[in-house]
Amino acid sequence: MDDPTFLTRAGILKRGILLFWWLWVTLVALTNSVSELKAFGVMPQSWLFNSGNYSLIAHSTATFGTPAWVDRLLLLVVILWQALASVLFWRALRAYHRRRPGRWPRIYVAFTVLLALFGAFMLSDEILHAYHVESAHREIAILLLVSVVALYLLPDAAPIDA
């Protein structure tokens, strides 16, 4: 890299934050996809690598008598939203790593898309009275906000040996 600030404590931390969120949302999308495939009967119920979120959705919507196809559709929408966030975090990580001028809009878009998903989750938790999962959704949203603030506030130019 020609950039002398590439190897800084803050630069490594910032790339680590973006890498973490990309890996996390990708893993969640994958485990939700397996849950979806299990719900459709494509994967065996004994398959352990899954989120269990289809069951959580079905349990939460049961109060309203929601048919199973709606539950599967809801999880599919979540998976697509997470896949979009995964792509956006990958693009933000690459843009940050390469020090591209447009990196900040990409970072903000990635965080905004994922924060919007957790906002939707919190609204759904209220509507469905799924209070047992609302705190987890709120905590993840807070971690996302702390991460984007840290990315913005940490300096880029503190050398690794300082």
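Laboratory data are not the source of any read-out in this text; all were calculated from the coordinates shown. Computed from a prediction, not measured in an experiment: that's the story for all the values here. All Cβ positions, even for glycine, are placed from backbone atoms using ideal geometry, and neighbour counts span all protein chains on display.
Helix 131-153 and the long axis of the chain differ in direction by around 10°, with both axes built from C-alpha atoms.
Subtracting the Cα-Cα distance of Ser55 and Leu115 from 0.36 nm times their residue separation leaves 19.3 nm of extension gain. Across the options His129, Leu75, Ile12, the greatest Cα extent toward the positive end of the charge dipole of the chain (unit charges at beta carbon of Lys, Arg, Asp, Glu) belongs to Ile12.
Can you tell me the orientation of helix 68-97 relative to the chain, as the angle in degrees between its alpha-carbon axis and the longest Cα principal axis, to the nearest 10? In the chain, helix 68-97 runs at an angle near 10 degrees to the longest axis.
The angle between the Cα long axis of helix 103-128 and the longest principal axis of the Cα atoms of the chain comes to about 30 degrees, rounded to the nearest 10. Let a ≥ b ≥ c be the square roots of the eigenvalues of the Cα gyration tensor of the chain; is it rounded (a/c under 1.5), or, if not, prolate (a/b larger than b/c) or oblate? It is prolate, given that a/c is not under 1.5 and a/b is the larger ratio.
In debye, nearest 20: dipole of the chain around its Cα centre with unit charges on the Cβ of K, R (+) and D, E (-)? If you can, show how the numbers build up before the last one.
Values: 13 positive and 10 negative charges, 119 e Å.
Dipole size: approximately 580 debye.
Residue separation of Trp104 and Glu126 scaled by 0.36 nm, minus their Cα-Cα distance, works out to 4.7 nm of gained length.
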